[in-house]
Amino acid sequence: MIQVSHLTKSYGHRTAVNDLSFEVQKGEVVGFLGPNGAGKSTTMKILTGFMPATSGSAKVAGFEVFENPIEVKRNIGFLPETPPVYPDMAVDEYLGFAAGLHGVPKRSIKAAVDGALEKTSLGDVRSRLIGNLSKGYRQRVGLAQALVHNPQVLILDEPTVGLDPKQIIEIRELIKGLAGDHTVILSSHILPEVTATCQRIIVINKGQIVAEDTIERLTTRINKGLIYSMTVKNPSASGIDAVRKVPGVKSVSAVGPKLVVEINPISGETRDLIVAAAVHESMGVLEFSAERVSLEEIFLQLTTVEDHQV
Amino acid sequence: MNIGNVWTIARRDYRSYFNSPIAYIVIAGFLTIMGWMFFFNLSHFNAQAMQYQVFSQGKSPSITDGIIRPLYGNMNVIFLFLIPFITMRLIAEERKLHTIELLMTAPVTLTEIILGKFFSAYLLVIVMLALTLVYPIILFLTGNPELGPIAASYLGVLLLAGCYLSLGLFFSSLTENQIVAGALTFASGLFFWLVSWASQSAGPVWGDVLTHLSLISHYQNFGQGLINTGDIVYYLSFIGFGLFLTHRVLDSFRWR
C-alpha cells in the first residue's frame with residue numbers, strides 16, 4: 001500500500017530525512033517512533049504530498065506521490081500535528097466541507113459526516129462551534145476529518161496529543177478498529193501508545209531508520225535473553241544451586257527471597273524445569289514471572305547506539 | 001481544473017465572512033457611507049436643477065455628471081479602504097490556524113484553492129454592489145437617467161474592485177499576520193492609484209507608462225459610459241498577475 005524508497009529531504013544544509021526506505025502492507029497499523037525532530041513529521045508531509053522530497057520516491061495506493069499527487073491525496077486521510085480545524089465552523093459543517101474537499105459526492109456527504117461523527121463519538125457536539133470545544137474534542141474533530149472520506153490510507157501525526165486518558169484509550173481503540181480496512185501510519189514519541197495500537201514499529205532517529213520490526217521481535221532482539229524473577233518462601237543455597245543446574249540457565253542471583261534467573265535465548269522452554277527444581281528443593285514458590293524489557297529501554301538503546309556511531 | 005472544488009472552497013470562505021462580524025461591519029459601513037454620499041449628491045443636484053429652472057442660467061445639469069459619476073467614483077475610494085479588510089484573512093488566517101495543511105493535502109490544485117478564495121471575496125463585493133442598485137432604481141423612479149453610464153460604472157467598479165482583491169489575496173499569502181496583509185494591501189492599492197500623479201513630471205514616455213499603470217486612470221472611461229477593451233484588458237491582466245503571484249507564493253510553501 002505504501003512503498004518508500006531512498007527518500008531524502010534536506011532543508012538547506014540540514015538533512016531531515018536521510019535515505020529512508022520502508023514498506024507498509026494493506027491493512028497494517030504501523031507506528032513511527034522517534035524523538036522529537038527525528039523526521040517523522042517530514043516523512044508524513046512528503047507522503048501526503050504536502051511537500052516534495054529532495055530525492056527518492058514514495059508510492060501510496062499504487063500512485064507515485066510526486067507524479068500523481070491528486071490521486072494520492074484522494075486516497076489519504078491526514079491528521080497533521082495541529083488539527084486543521086476552523087474555529088468559526090460547526091463540527092458537522094466542517095466535516096461536510098472536508099468531505100466535499102476530498103471529492104465525496106454531494107449526495108453521500110451527509111452519510112459520510114454521520115459515519116465519521118459516530119466513529120469518533122462526536123455526535124453530542126455535532127452542531128457546536130469548533131472554537132468552543134476543548135483541545136481533546138478538537139483533536140477528535142481533526143481525526144474525524146481524516147476519516148470522513150473513508151480513505152484507504154490514514155496518516156496520523158501524533159493523534160492522541162492533548163487528550164485525557166479516557167479519550168486516549170478511545171482513540172487507540174478506534175485506530176485498532178481501523179486496521180484491516182485501512183492502512184494506518186501513526187507517529188508518536190510516546191511509546192506505550194505505539195505498543196497499544198501498532199502491529200509493527202519503525203524507529204527513526206536523525207532521519208534514518210534504526211529499527212523496523214514487530215514489537216515482540218524487537219523486544220527479544222534487544223533483550224538477548226530472557227529474565228525470569230521468582231519469589232520463594234524459603235531460599236536455600238542448595239535450592240539456588242539446583243536452579244542454576246537447569247539446562248539453559250545462564251545465571252541466578254538471589255536477593256533475599258527474590259531470585260533473578262537469566263536464560264539463554266536459544267534454550268527454548270525452561271520455565272517448567274526451573275519451577276520443578278525449586279519445588280523439589282522445597283523452597284516454596286510464591287511467584288514466578290517473566291520480566292520484559294520495556295519498549296522505553298529498547299528505544300533508548302536504539303537511539304543511544306545511533307549516537308555512538310555518529 | 002474542477003469548478004466543483006473551486007465552489008466548495010469559495011462557499012466555505014464566503015460563509016466564514018458571515019460567521020464572523022467582518023461581513024456585517026464591512027457591508028454596514030459601506031452602505032452607510034454610500035447612502036450618505038448618494039443623499040448628498042442628490043440634494044446638491046436638486047438644488048442645481050432648481051436654480052437652473054428659476055434663473056435659466058448656467059448649463060443644464062445632467063444626472064450622469066451630477067450624480068452617477070461622483071457616486072461611483074467615490075465608491076472606488078471606499079473599496080480601496082474596505083477591501084483590505086475583506087482580503088487580509090483569506091490566506092494569512094489559514095496559515096495561522098494551520099488549516100492551510102488541510103487544503104494542501106486535499107485532492108485539489110493550488111489554482112482551485114486560489115480561485116476559490118478569490119471568488120469568495122469577489123462574491124461579497126458583488127453582494128455589496130448589488131445592494132447599491134437601490135440608488136439607480138431611485139433615480140429611474142424619480143428621473144430620467146441614462147442607462148449606459150450606470151452600467152459602465154458598475155462594470156468599471158467591479159473590475160477595479162477585482163484588482164484590489166487580487167492584490168489583497170497576494171499580500172494575504174505572504175504573511176501569517178492579518179494586519180500586515182491588510183496594511184500592505186491598502187498601501188500598494190493606494191500606490192497603484194496615485195502612480196499617475198508622477199506622470200506630469202516623468203517625461204513623455206515614462207509619463208505615459210505611469211498613466212497606463214494607474215488603476216484609476218483606466219476607470220475614467222467607464223465613468224463616462226465608455227467601455228474600452230484596453231481598460232478591460234488592463235484590469236483583467238492586473239487580476240491575473242496578482243493571482244499568478246499568489247500561486248507562486250503558495251507553491252513555495254512546499255519547498256520550505
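None of the figures in this text is laboratory data; all of them are computed from the coordinates on show. None of these values were measured; they are calculated from a predicted model. Ideal geometry is used to build each Cβ from the backbone, glycine not excepted, and the neighbour counts take in all protein chains shown.
Among A:Glu158, A:Glu23, A:Glu81, rank each residue by its count of other Cβ atoms within 10 Å, from fewest to most, as a rough exposure measure.
A:Glu23, A:Glu81, A:Glu158
Once R0 is set to 45 Å, what does the formula 1/(1 + (r/R0)^6) return for the Cβ-Cβ distance between A:Lys166 and B:Leu194, expressed as a FRET efficiency to the nearest 0.05?
0.15
So what is the relative contact order for chain B, in percent, with contacts set as C-alpha pairs under 8 Å and at least six apart?
Once normalised by length, the contact order is 25 percent.
For the pair B:Asn221 and B:Ser56, what calculated FRET efficiency results from E = 1/(1 + (r/R0)^6), where r is the Cβ-Cβ distance and R0 = 30 Å, to the nearest 0.05?
Step by step, r from the Cβ atoms, then E = 0.40.
Let me have the 222 nm mean residue ellipticity of chain A computed from DSSP H runs of 4+ only, each contributing -39500 (n - 2.57), with the sum over all residues rounded to the nearest 500.
-11000 deg cm²/dmol
Taking K and R as +1 and D and E as -1, what net charge do the other residues with C-beta under 10 Å from the C-beta of B:Pro149 add up to?
My count for the surroundings of B:Pro149 gives -1.
Taking amide H positions as placed 1.01 Å from N in the peptide plane, with prolines and chain starts having none, which residues 5 or more places from A:Ala16, or on another chain, fall under 5 Å of its amide H?
Hits under the 5 Å cutoff: A:Lys9, A:Ser10, A:Tyr11.
Just to confirm my numbers, what's the Cα centroid distance between segment B:211-230 and segment A:1-76 in Å?
51 Å
Scan chain A and hand back the longest stretch that contains none of the trypsin sites (Lys or Arg not before Pro) lying in DSSP loops with at most 10 other Cβ atoms within 10 Å.
Segment A:1-223 is the longest.
What do you get for the angle between helix A:135-147 and the principal long axis of chain A? Use alpha-carbon atoms, 0 to 90 degrees, nearest ten.
Roughly 70 degrees between the two axes.
Nothing charged except the Cβ atoms of Lys and Arg (+1) and of Asp and Glu (-1): what's the magnitude of the dipole of chain B about its Cα centre? Round to the nearest 20 debye.
The dipole magnitude comes to about 360 debye.
With labels modelled as points extended 7 Å from the Cα through the Cβ direction, what inter-label distance (nm, one decimal) is found for B:Leu155 paired with B:Thr32?
Calculated label separation equals 3.4 nm.
Go through segment B:239-253 residue by residue and turn each phi into a ³J(HN,Hα) via Karplus (6.51, -1.76, 1.60, θ = phi - 60°); whole Hz please, and just put x for glycine and proline.
Along segment B:239-253, the couplings run 4, x, 5, x, 5, 4, 4, 4, 4, 4, 5, 5, 4, 5, 4 Hz.
Obtain the nm distance between the two label points defined at B:Phe39 and A:Lys245 by a simple spin-label model: each point lies 7 Å from its Cα along the Cα-to-C-beta direction.
Going from the B:Phe39 label point to the A:Lys245 one covers 11.2 nm.
Ordered by residue, what ³J(HN,Hα) values in Hz, to whole numbers, does segment B:36-49 give under the Karplus form 6.51 cos²θ - 1.76 cosθ + 1.60, where θ = phi - 60° and Gly and Pro are x?
Each residue's phi maps through the Karplus curve to give 5, 5, 4, 4, 5, 4, 5, 6, 4, 5, 4, 4, 4, 5 Hz.
Can you find, among B:Phe186, B:Ala198, B:Val157, the residue farthest towards the positive end of the dipole of chain B? Put +1 on the C-beta of Lys and Arg, -1 on that of Asp and Glu.
Farthest towards the positive pole: B:Phe186.
Placing +1 at every Lys and Arg Cβ and -1 at every Asp and Glu Cβ, with all other atoms neutral, what dipole size does segment A:2-214 have around its Cα centre, in debye to the nearest 20?
For this selection, approximately 280 debye.
Going through the cross-link list A:Lys135/A:Lys176; A:Lys110/A:Lys176; A:Lys40/A:Lys106; A:Lys135/B:Lys117; A:Lys9/A:Lys106, which pairs have a Cα-Cα distance over 31 Å in this structure?
Pairs exceeding 31 Å: A:Lys40/A:Lys106; A:Lys9/A:Lys106.
Treating only the Cβ of Lys, Arg, Asp and Glu as charged (+1, +1, -1, -1), what charge dipole size does the protein assembly as shown show about its Cα centre? Round to the nearest 20 debye.
Charge dipole, the protein assembly as shown, about its Cα centre: 380 debye, nearest 20.
Inside 10 Å of the C-beta atoms of A:145-153, what's the mean count of C-beta atoms belonging to other chains?
The shielding value for this peptide is 1.
What distance in nm lies between label points placed 7 Å from Cα along the C-beta direction at B:Val205 and B:Asn74?
Label at B:Val205, label at B:Asn74, 4.2 nm between them.
Would you mind calculating the relative contact order of chain A from Cα pairs under 8 angstrom and at least 6 residues apart, reporting the percent as a whole number?
19 percent
222 nm [θ] for chain B, helices only, -39500 (n - 2.57) per DSSP H run of 4+, per residue, to 500?
So the calculated ellipticity at 222 nm is -25500 deg cm²/dmol.
Take every DSSP beta bridge whose two residues both sit in chain A, then give the antiparallel share in percent to the nearest 5.
Of all bridge pairs located within chain A, approximately 65 percent are antiparallel.
How about segment B:1-64: which trypsin sites (Lys or Arg not before Pro) there lie in a loop by DSSP and see at most 12 other Cβ atoms within 10 Å?
Those that pass, being in a loop and sparsely packed, are B:Lys59.
Per residue of A:87-100, count partner chain C-beta atoms within 10 Å of its C-beta, then hand back the mean as an integer.
Per residue, the number of nearby Cβ atoms from other chains is 3 on average.
With point charges of +1 on the Cβ of Lys and Arg and -1 on the Cβ of Asp and Glu, referenced to the Cα centre of the protein assembly as shown, which listed residue (B:Phe55, B:Ile114, A:Thr195) lies farthest in the positive direction of the dipole?
Towards the positive end, the residue furthest out is B:Phe55.
Using the Cα centre of segment A:26-133 as origin and beta-carbon charges of +1 (Lys, Arg) and -1 (Asp, Glu), tell me which of A:Val104, A:Pro35, A:Ser121 is placed farthest towards the positive end of the dipole.
The one lying farthest along the dipole's positive direction is A:Val104.
Could you work out the mean count of beta carbons from other protein chains within 10 Å of each residue's beta carbon in B:13-21?
2
Which lysines, on any chain, are close to A:Lys250 with Cα under 20 Å apart, when same-chain ones fewer than 8 places away are left out?
Of all the lysines, those that pass the test against A:Lys250 - Cα under 20 Å, at least 8 places apart if same chain - are A:Lys224, A:Lys258.
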